[in-house]
Amino acid sequence: MTRSAHISRDSNDNAAAAIGKLVHLAMQRGLGAGRPVKIGTVRGIVIGYNISRDGNYPGTRYPLLVKTELGTAKFGLDEVMPA
């Protein structure tokens, strides 16, 4: 059973702390910057972390930035696995 990788935020002030926790969790799961990953059958490399607090793809929901042959995109921790 996997834990949810989404951390909700109570207010904008807590967003930075929530994103920090998700980045730490990503590293614990082997999803650190520079590490090869898979999104389904597509391979990529974690190139950084999404620290945005606003918009359609905030870092609290999509903390990983992954570069693939299809382009760079933001992903949730539950969408990406170490390769």
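The values are calculated or read from the model by the stated rules, or taken from the named source; none is laboratory data. Fair warning: this is a prediction, and the values are worked out from it, not measured in the lab. Positions of Cβ are backbone-derived with ideal geometry, glycine not excepted, and every protein chain shown enters the neighbour counts.
Of note:
- Residue list for segment 20-45, restricted to those being of a type in the set (A, V, I, L, M, F, W, C) and farther than 11 Å from Leu77 by Cβ: Ala33, Ile39, Val42, Ile45
- For Val46: the one exception among (1) under 12 Å from Met81 (Cα atoms); (2) surrounded by fewer than 21 Cβ atoms within 10 Å (Cβ to Cβ); (3) within 12 Å of the chain's Cα centre (by Cα): (2)
- Scope segment 24-60; condition β-branched (Val, Ile, Thr) and at pLDDT 95 or above; matching residues: Val37, Ile39, Thr41, Val42, Ile45, Val46, Ile47
- Considering residues of segment 14-43 that are aliphatic (A, V, I, L, M) and part of a strand (DSSP E or B) only, the residue nearest to Pro82 (Cα to Cα): Val37
- Answer residue from segment 52-73, given it is surrounded by fewer than 15 Cβ atoms within 10 Å (Cβ to Cβ) and out of contact with any strand residue (DSSP E or B) (no Cβ under 8 Å at 6 or more places or on another chain) and is nearest to Ala15 (Cα to Cα) among those: Asp54
- Residues in segment 65-79 include at least one that is in contact with a helix residue (DSSP H, G or I) (Cβ under 7 Å, 6 or more places away or on another chain) and in a helix (DSSP H, G or I).
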